[in-house]
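To start, the structure under review is shown below, and the notes come after it.
The values are calculated or read from the model by the stated rules, or taken from the named source; none is laboratory data. The structure displayed is predicted, hence computed values, not measured ones. Cβ sites come from the backbone with ideal geometry, for glycine too, and all protein chains shown count toward neighbours.
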């Protein structure tokens, strides 16, 4: 390294973005460097300063401090200080001292950095190439946009997300039965739209009670940080910035429906904010009829007209009737669904198609088809005689099953509302556990009986269902439910139990009693806690070692969190609404639950609790299975149920109520079963394709490959890693990080895992995938910066004479196009690797990347800089040679990319255009978008080119 002299120009090897540095002082083995371009100063130890001397050669074009562009014609070193003779564009000869060079210099091209003495480590060069390959593979993957979320790889959810998220501005109704994950499906679609660039601004509108649940779900599962807007927040924003539209202050906004409905001005602001996606939960509560629409419906209808993409989440449509079903569909496409009468007629017309599909999918379809010529006649009327004849010709062949599947796929494409409506049922999705109810009738406490006349007679419904409100300060010692819970937990110490009660105060007092007075390892979870503390409580419950035996939750425990690692659920009280009861049970009754769900309900015998339990169990049968008609029955029998809960226990009256409820439940369930739309259910999940998608994601999301890669990445960037457990690590910013901060890495660090199974059970631990902000952000820093784009190494290879100089160049196919076009999907392999010697001979096929990596040996930094300095002319000629070779490769790569665009987009465009002639659910907007996208891609590909991304100088020894 040269001696430091004030006025010299040096550049930082680790912070090249600082520009040219100027030596200001040298003393006490320290050198101070000023970086004028960024107005920052650094102090380095002279012995190991990560700096490179900048000396420009003759012929180099540079700029002076005033920005004048000149060419160096001669150079002279005076006592370690450089003075250049330069010539401007007008031919005038000037003298330029190095202190007067432009400081805002960035050596972006690999060979510019190399000639400036910025040589990276071999490991950094290899990591850059590996990053380019990983990023390309991820962008090309069919799982792109779906890998990152913290969700189980459930085929039915992945199928819907895969089908919908790739559309332009998808407008669909997600109507899976309870427990099948409509929120997850919506989150997957939204995540894919955002990460792919097809959407950048999203608005989620939900009922008041679900705001917190959605906020947590979007953050914990999808790494999507939504901003909650309410009146107070809007007023605060307007106060700080007069004239601002609060809905334009964030890209991702979450609000409740009543907030928009109650304020016309806020609705106008929301309409003006320009959203790409609108998500509406509990859409079945939006009331519409041909005569009148509710304010809530009118509000969402206005937003639906303005926003291109729309996801509606609703209960099973049929349970609310055809009118309500039509009301949801007209929000999605008012031009298509404009007449209720016509919609009823269409629905009836789908029945023959549904029956035809059922016959084709029968287990003995081959035998039936041999004696059923009417099936082929009917099939011909729908799909054409040619298709029917092809199927008939396959009757004796082994390929009949595939021919039947092709015919069914065509019927699904041509008919039904499957394009805009998706619904999976529990009957069609396997993996749910069995539910077992255990009821524990307990005697009413003496204090309760003593005070019954004066307190119980005056008690309202809440007090009757929650006795602790009547027992007041004495409830922990007087309530037999507490004693029962203590005994049960002590008898089942090896079992984890989730306890849910209605009120936070009840949960807090009960947990404190268990922990302090009964010695039971417990934790509490309620709405009064911060998100961090809730995470800690849930983590303590979920931990396998030294964990809580029981987690006591308030009602919020039935929202947003899943605890399927436990199999015992204690309902300390019962909610009045059956949907809320289903939410409680759903915390454990999930796909992935390995054991039967044991539901424990302690209650006072002959009380309002006992009557409600009986009505839920024997009337609705909603403990042992999900009840899709629960809300309808609750609304229908509410006027009879409430008086029964207030009256003294009357077995005859109770039996009558339960009998009537059960009869109506059976009738509605039978009606639902008969009204099942088999076309819709088949379209909502193709089991073979769904399984293939899940399997592909398992392979693409290989955690071993990712963890190995990120371990090397963290080492290079100075991120400290510590083992937390066998499957988790602690990451924290190191003292010598190359960047001040990394995207997705908090200043205080984080605990993370590459295991999807662990991440599902521990929501307090970050789930690292190829799509996690930390992984993607770090990869972007590497690819978009100059990290590792130069290297010098030596190799020992007998055929090569010592001193032989080689250049390995990495080119990337670069196409500047808007992100939403996803141009990477259509590019062929974007990396081109070329190796040449000083004669310009192409040795790429002989000296492979693996070959060089295995033989490459480190060259000391000072030696590497000297090698580059003395072989600059040869390296320059080799760079010109590899660029010439790359120019010959470029046309074929661009031709392949153009062919991919035509093949993938052209085929889909033709398919949708053909379907539009027979299925009105195909939006012309989608077809036009495909045509526009194809034209845009072909236009941008014309300007695509191979760009030199990295070079490695190789010296034979």
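Yes or no: residue 472 over 43 Å from the mean Cα position of the chain (by Cα) and at positive phi? So residue 472 fits the description; yes.
Suppose the filter is surrounded by 21 or more Cβ atoms within 10 Å (Cβ to Cβ) and in contact with a strand residue (DSSP E or B) (Cβ under 7 Å, 6 or more places away or on another chain); does residue 155 pass it? Can you show your working first?
Details: surrounded by 21 or more Cβ atoms within 10 Å (Cβ to Cβ): yes; in contact with a strand residue (DSSP E or B) (Cβ under 7 Å, 6 or more places away or on another chain): no.
No.
Residue 764 meets the conditions (1) out of contact with any strand residue (DSSP E or B) (no Cβ under 9 Å at 6 or more places or on another chain); (2) assigned to a loop (DSSP other than H, G, I, E, B); (3) farther than 30 Å from residue 957 by Cβ in every case but one. The failed one is (1).
Looking at region 215-232, which of its residues are surrounded by 15 or more Cβ atoms within 10 Å (Cβ to Cβ), part of a helix (DSSP H, G or I), touching a helix residue (DSSP H, G or I) at 6+ places or on another chain (Cβ under 7 Å) and without any contact (Cβ under 8 Å) to a residue 60 or more places away in the chain? If the condition is that a residue be surrounded by 15 or more Cβ atoms within 10 Å (Cβ to Cβ), part of a helix (DSSP H, G or I), touching a helix residue (DSSP H, G or I) at 6+ places or on another chain (Cβ under 7 Å) and without any contact (Cβ under 8 Å) to a residue 60 or more places away in the chain, then 218 is the only one that fits. Residue 548 satisfies every condition listed in (1) in contact with a helix residue (DSSP H, G or I) (Cβ under 8 Å, 6 or more places away or on another chain); (2) under 21 Å from residue 588 (Cα atoms); (3) at pLDDT 90 or above; (4) not in a loop (DSSP other than H, G, I, E, B) except (4). Looking at this structure, is residue 212 surrounded by 15 or more Cβ atoms within 10 Å (Cβ to Cβ), at pLDDT below 90, touching a helix residue (DSSP H, G or I) at 6+ places or on another chain (Cβ under 8 Å) and not assigned by TED's automatic domain parsing to the domain that holds residue 531? Judged against the criteria, residue 212 is a match. Of all residues in region 551-562, those that are modelled with pLDDT of 75 or more and part of a loop (DSSP other than H, G, I, E, B) total 1.
Considering 272, 241, 281, 265, the condition of being surrounded by fewer than 15 Cβ atoms within 10 Å (Cβ to Cβ) and within 28 Å of the chain's Cα centre (by Cα) is satisfied by 272 alone. When you go through 807, 813 one by one, which is the residue that is surrounded by 15 or more Cβ atoms within 10 Å (Cβ to Cβ), in contact with a strand residue (DSSP E or B) (Cβ under 6 Å, 6 or more places away or on another chain) and closer than 30 Å to residue 199 by Cβ? From the options 807, 813, the qualifying one is 813.
Please specify each residue of region 54-96 satisfying the condition of being touching a helix residue (DSSP H, G or I) at 6+ places or on another chain (Cβ under 8 Å), closer than 21 Å to residue 13 by Cα and assigned to a strand (DSSP E or B). Result: 81, 82.
Could you list, in sequence order, the residues of region 860-887 that are within 43 Å of the chain's Cα centre (by Cα) and modelled with pLDDT of 90 or more?
879, 882, 883, 884, 885, 886, 887
Would you mind stating whether residue 882 is more than 30 Å from residue 172 (Cα to Cα) and touching a helix residue (DSSP H, G or I) at 6+ places or on another chain (Cβ under 8 Å)?
Numbers: more than 30 Å from residue 172 (Cα to Cα): yes; touching a helix residue (DSSP H, G or I) at 6+ places or on another chain (Cβ under 8 Å): no.
It is false that residue 882 is more than 30 Å from residue 172 (Cα to Cα) and touching a helix residue (DSSP H, G or I) at 6+ places or on another chain (Cβ under 8 Å).
Counting the residues of region 513-539 that are modelled with pLDDT under 90 and surrounded by fewer than 18 Cβ atoms within 10 Å (Cβ to Cβ) gives 8. The number of residues in region 483-505 being surrounded by fewer than 21 Cβ atoms within 10 Å (Cβ to Cβ) and outside any loop (DSSP other than H, G, I, E, B) comes to 9.
Conditions tested, residue by residue: (1) at pLDDT below 80; (2) closer than 25 Å to residue 627 by Cα; (3) out of contact with any helix residue (DSSP H, G or I) (no Cβ under 8 Å at 6 or more places or on another chain); (4) surrounded by fewer than 16 Cβ atoms within 10 Å (Cβ to Cβ).
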{"site": "412", "(1), (2), (3), (4)": "yes, no, no, no"}
{"site": "445", "(1), (2), (3), (4)": "yes, no, no, no"}
{"site": "449", "(1), (2), (3), (4)": "yes, no, yes, yes"}
{"site": "456", "(1), (2), (3), (4)": "yes, no, no, no"}
{"site": "471", "(1), (2), (3), (4)": "no, no, no, no"}
{"site": "475", "(1), (2), (3), (4)": "no, no, no, no"}
{"site": "480", "(1), (2), (3), (4)": "no, no, yes, no"}
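Going by what's in this entry, would residue 139 be described as more than 17 Å from residue 693 (Cβ to Cβ), in a strand (DSSP E or B) and in contact with a helix residue (DSSP H, G or I) (Cβ under 6 Å, 6 or more places away or on another chain)? Show your work before the answer.
On the way: more than 17 Å from residue 693 (Cβ to Cβ): yes; in a strand (DSSP E or B): no; in contact with a helix residue (DSSP H, G or I) (Cβ under 6 Å, 6 or more places away or on another chain): yes.
So residue 139 fails the test.
Can you tell me which residue in region 704-731 is surrounded by the fewest Cβ atoms within 10 Å (Cβ to Cβ), limited to those that are over 27 Å from residue 120 (Cβ atoms) and touching a helix residue (DSSP H, G or I) at 6+ places or on another chain (Cβ under 7 Å)? Selected residue: 727. Checked against (1) in contact with a helix residue (DSSP H, G or I) (Cβ under 6 Å, 6 or more places away or on another chain); (2) crowded, with 20+ Cβ neighbours inside 10 Å; (3) more than 19 Å from residue 470 (Cβ to Cβ), residue 566 passes all but condition (1).
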